[in-house]
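Trainee: Take a look at the following structure, please.
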Amino acid sequence: MLKKRLLALLITMNLALLTVVAFRETDLISRAGLDTPAFAAHTTASLSTAASRRTALVDAAKKIGPSIVSVGASRSQYYVSPYASFFRDFTIFEQDKEIPYMGSGVIIDPDGLVVTNYHVVEDAKDVFVTLVDGRRLDGKVLDADVALDIALIKVDAKNLPAATLGNSDDLQVGEWTLAMGNPFGNLIDNPAPTVTAGVVSALGRNFRPSADIPRVYLDMIQTDAAINPGNSGGALANSAGEIVGINTFIMSRSGGAEGIGFAIPINRVKAVVQEILEHGKIRPRLVDFQTSPLNNRIGRMLNSNAENGAVVTEVSPDGPASKAGLKIGDVITRVNGEKVKDSQDLRLKVWYNRQVGSHFRFTVDRSGKPLDLEYVLVEPPSDK
């Protein structure tokens, strides 16, 4: 009986203590103003602000980030030592130097395919890539389209975070873009990518650096998202987190980013990758006809009404041009609906810009009459 009374007393005391504590906490909350409508509104506003900071660009950066890699390699360097030989004044030595951050790349397939610019891996030995998590993977350059400045690297890994490739043909001037890569190069030992934002400034920009550099850059995407040398080979993405281009170069007086950067359209990159995967290499293109620039005198001689174009001066027998019906004296004025300025412009549009198997619609002026011909790009005949 006594035990029951003591138990009941203890329960009553605990309940009283809990009531006092609860009252005290309620009093403190009330004094602090935490139970007021103003505090509730402040909390809601804070949550709303946090949500508003997570924009489409933030989501895109998080989506793309794991797919960005740093590309490194060993390159041979030569130096001269005056102390190498007692009998000769100078001796030239070759030395392999490892450069861990030569440029950037993008994982495009979970089984280890990485795209980058050819100029990033040019003359490189022992290519490797570094993932954002710090893992270093040895790679091999499967092949590269030197003219288009696109290279494909294979690393021995599975289940890599591959990027989503978009459609560069439906880009719009003014839409948001993100440039992602490693602009610090060898300044810091950190593979994490940097993100810069901008818009598509222009489309269809054409460049050819110089006669000494065997590269052409056609239909390039211009963006004001900051691109620096270490960004070469990195990703240009849209606000949906899709890769729409491969960052390639900048136009700058100072050497730094001045808001004029250029990227290779991803649709062209897809064609190069498909060519390498299907055929194991970039197949050479047969040039089976020759042209010269059109001028007023030649136009009058040909009875041509064309104001621009390339005049056909030679056609190889049994080639695709001959089979298409192209003849000497024809003036090619358009390729796939695009105006042909001159002979060089024609070469860039046909042999530098597409892979073997591509089809073209040539619009020609033949003695003042328009005519459409279908031309197919093929490989040169085998010597065997």
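Trainee: Take the Cα atoms of the stretch 289-376, find their three principal axes, and give me the spread along each one in whole Å, biggest first.
Mentor: 35, 24, 19
Trainee: Rounded, prolate or oblate: which fits the stretch 204-357, taking a ≥ b ≥ c as square roots of the Cα gyration tensor eigenvalues, rounded meaning a/c under 1.5, else prolate when a/b beats b/c?
Mentor: In terms of gyration-tensor shape, prolate.
Trainee: Taking a threshold of 30 Å on the Cα-Cα distance, which of the pairs 63/140; 62/349; 281/323; 281/369; 140/339; 125/339 fall above it?
Mentor: Violating the 30 Å limit, Cα to Cα: 62/349; 281/369; 140/339; 125/339.
Trainee: Ranking 141, 120 by Cβ neighbours within 10 Å, fewest first, what do you get?
Mentor: 141, 120
Trainee: When a footprinting reagent is the concern and you count Cβ atoms within 10 Å, what order do 340, 287, 195 take, fewest first?
Mentor: Going from least to most buried by this count: 287, 195, 340.
Since every read-out is calculated from the coordinates, none of them should be taken as a lab result. Small disclaimer: the values here were computed from a predicted structure and weren't measured. Every residue, glycine as well, gets a Cβ built from its backbone with ideal geometry; the counts of neighbours run over all protein chains shown.
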